[in-house]
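Colleague: Dropping a structure here in structure tokens format, bear with me for questions.
No value in this document is a laboratory result; all are computed from the given coordinates. Remember, it's a predicted structure, so these values are computed and weren't measured experimentally. Cβ: placed from backbone, ideal geometry, glycine included. Neighbour counts: every protein chain shown.
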Amino acid sequence: MKRNKKKLATVLAIFSLILAIGIVYAAVAGTLTFNGTVNLDDFVKLDIVNASVNDAGSSINVSPDKQSATLVANPAAPGDAVTFSFKVQNVGNADAVIDSVVLTDVNGALVGDVTISGDYDLLENEIVQIGDTTGSYTIIVTWDSAAVSAAGTDTFKVTMDYSKAA
């Protein structure tokens, strides 16, 4: 009987010790404070914003991630021009530089019969500071006035490459 009491006392002592260690750990863990500086990597992100078009039959659709826009030009007659406008906003936490702006003809419906102009290429090398938005830039799709092809809808995609400003 003495032996069982000794075993019970030993088990209770070990259990009490484990419980005490757990309580001390919880108290210490709950009061630990770390002082210092957290350095986050620079986050560079430019979004296409304020996109519009001057022609009711045409459209501009900015992608959900705001990294590209699809332009659908639907000129009504030869000589017509469709003007697409957009701005670029820095939503990152570092200044950014626009390295290039790429305009791709997606379906080529009016190939040879359209002229692309505007000032969108002036975005290249522009530095956009944190939180700032650029001025408005344009892409103009003009259907050649001497075109013999039937009216059609042409789709273009505009994308930008950018990096952290030095």
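Colleague: Assign one of three labels to the stretch 46-164, namely rounded, prolate or oblate, based on the Cα gyration tensor with a ≥ b ≥ c the square roots of its eigenvalues; rounded applies when a/c is under 1.5, prolate when it is not and a/b is larger than b/c, and oblate otherwise.
Modeller: prolate
Colleague: Just want to confirm a number: the relative contact order over the stretch 46-164, from Cα pairs under 8 angstrom separated by 6+ residues, in percent.
Modeller: Working: 305 pairs, mean separation 43.1, N = 119.
Normalised by residue count, the contact order of the stretch 46-164 is 36 percent.
Colleague: Could you give the length gained by full extension between ALA81 and ASP144, i.e. 0.36 nm per residue of separation minus their alpha carbon distance, to one decimal place?
Modeller: Separation in residues times 0.36 nm, less the Cα-Cα distance, equals 21.8 nm.
Colleague: Say R0 is 30 Å: what FRET efficiency, to the nearest 0.05, do ILE130 and VAL106 get from their beta-carbon distance?
Modeller: The pair ILE130/VAL106 has a calculated efficiency of 0.40.
Colleague: Now, a different point. Give me the distance in nm between label points sitting 7 Å out from Cα along the Cα-to-Cβ direction at ASP65 and ALA94, one decimal.
Modeller: 1.8
Colleague: Hey, which lysines would be in cross-link range of LYS66, C-alpha to C-alpha under 25 Å, not counting anything within fewer than 8 residues on its own chain?
Modeller: Partners found: LYS45, LYS87, LYS157, LYS164.
Colleague: Multiplying the sequence separation of LYS45 and THR153 by 0.36 nm and subtracting their Cα-Cα distance, what value in nm do you get?
Modeller: So the extension gain works out to 35.7 nm.
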